[in-house]
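Visitor: The structure that follows is given in the form of structure tokens.
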Amino acid sequence: MVGRCGPPCFRHPARPPTVKDMAPIPNSPQQPDDSPESYVGLDAHDAERRARSHGWTTVRSLPPGTIITLEFLAGRINFEVDDATVTRCWVG
């Protein structure tokens, strides 16, 4: 007898995943206890160094008017920098 060709046959339909089958929910890192307003007016290089020393894992410097996505990233601080000076600051 010759074997059949074709898609595999399953005896039971696949069951939907349960909570125990799913990966654990990751722990979001804590935001540094820092005031974004305190960076406004600082030299951009000094502001970045200060932010890293205060625990920010990502420091992003942007020129004024830059178009960016609005997704929130824990541990990120954003600087709007004009003429090497921080003019605006926000987290995420």
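Visitor: Select from the stretch 30-44 the residues that are in a loop (DSSP other than H, G, I, E, B) and open to solvent by less than 40 Å² (accessible area, probe 1.4 Å) and write down the one among them that is farthest from Thr57 (Cα to Cα).
Guide: If we take residues in the stretch 30-44 being in a loop (DSSP other than H, G, I, E, B) and open to solvent by less than 40 Å² (accessible area, probe 1.4 Å), then Asp34 is farthest from Thr57 (Cα to Cα).
Visitor: Still on this model: Picking from Ile77, Ile67, which residue would you name as being among the hydrophobic types (A, V, I, L, M, F, W, C), closer than 27 Å to Asn27 by Cα, outside any helix (DSSP H, G or I) and out of contact with any Lys or Arg (no Cβ under 7 Å at 6 or more places or on another chain)?
Guide: Just one listed residue meets the conditions, Ile77.
Visitor: Picking from Ala14, Ala47, Ala74, which residue would you name as being at pLDDT below 95, surrounded by 10 or more Cβ atoms within 10 Å (Cβ to Cβ) and among the hydrophobic types (A, V, I, L, M, F, W, C)?
Guide: Ala74
The values are calculated or read from the model by the stated rules, or taken from the named source; none is laboratory data. Since this is a predicted model, take the numbers as computed values, not measurements. For neighbour counting, all protein chains shown are included, and Cβ atoms are generated from backbone atoms with ideal geometry for every residue, glycine included. Accessible surface areas use protein heavy atoms only, side chains included; no ligands, DNA or RNA. Shrake-Rupley method; radii C 1.70, N 1.55, O 1.52, S 1.80 Å.
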